[in-house]
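The values are calculated or read from the model by the stated rules, or taken from the named source; none is laboratory data. Nothing here was measured: the structure is a model prediction, and the numbers come from that model. Methodologically, a virtual Cβ is constructed for each residue, glycine included, from the backbone with ideal geometry; neighbour enumeration extends over all protein chains shown. All accessible areas refer to the heavy atoms of the entire protein, side chains included, with ligands and DNA or RNA removed. Shrake-Rupley method; radii C 1.70, N 1.55, O 1.52, S 1.80 Å.
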Amino acid sequence: MNEEQDFNRFWAEYPKKRSKGDAWKAWGSVKAKRPTIERLLKALAVMKASDGWRKDGGEYIPYPSTWLRAWGWEDVAEVQIADVGANGKLWWQTVSGVEAKARELRMDEWTSTYAGMPETFQQYTKRVRSMAEMGNVIPMVRSA
């Protein structure tokens, strides 16, 4: 792919469509430091799922040019890029991802009760994610 095609992929995924011309200039200015488009899009998926970017309807999402100039792809602190699947979603954002992670952790499959108490799938997801974050868990292998 060429620079313009990669930029258009980035632009299509970026949640705040503001100042496209400035974003294009920023795209060129960070070319030497910018990762591959695949890694950049995975980092973007992580940021889009973050509490900071989802807060108040996305009010705190930086303009794309600001994110690029700040090397925003490096700001993936709380989650690892390995947690992003081929579909661009984090493993805990899909039922199949949660189920696969639970199998990897050798956890029981979800049922409507846990330890004799009612448990929603959202609670189960939180429990699986908590278990994954507690230890040195090998990232889930994903098929393309």
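Just to verify a result, which residue in segment 95-116, among those that are open to solvent by 80 Å² or more (accessible area, probe 1.4 Å) and closer than 12 Å to ARG127 by Cβ, is nearest to the chain's Cα centre (by Cα)? Among those that are open to solvent by 80 Å² or more (accessible area, probe 1.4 Å) and closer than 12 Å to ARG127 by Cβ, it is TRP110. When residues in segment 12-50 are screened for being of a type in the set (A, V, I, L, M, F, W, C) and open to solvent by 40 Å² or more (accessible area, probe 1.4 Å), 3 of them pass. When we screen TRP53, TRP71 for residues that are modelled with pLDDT under 95, aromatic (Phe, Trp, Tyr) and surrounded by 14 or more Cβ atoms within 10 Å (Cβ to Cβ), the only hit is TRP53. Segment 17-65 holds helices (runs of 4 or more DSSP H) entirely within its bounds, and those carrying 3 or more residues that are in contact with a Phe, Trp or Tyr (Cβ under 7 Å, 6 or more places away or on another chain) map to 20-29, 37-49. Take TRP92 and decide whether it is of a type in the set (A, V, I, L, M, F, W, C), within 17 Å of the chain's Cα centre (by Cα) and either open to solvent by less than 80 Å² (accessible area, probe 1.4 Å) or modelled with pLDDT of 85 or more (or both). The answer is yes for TRP92.
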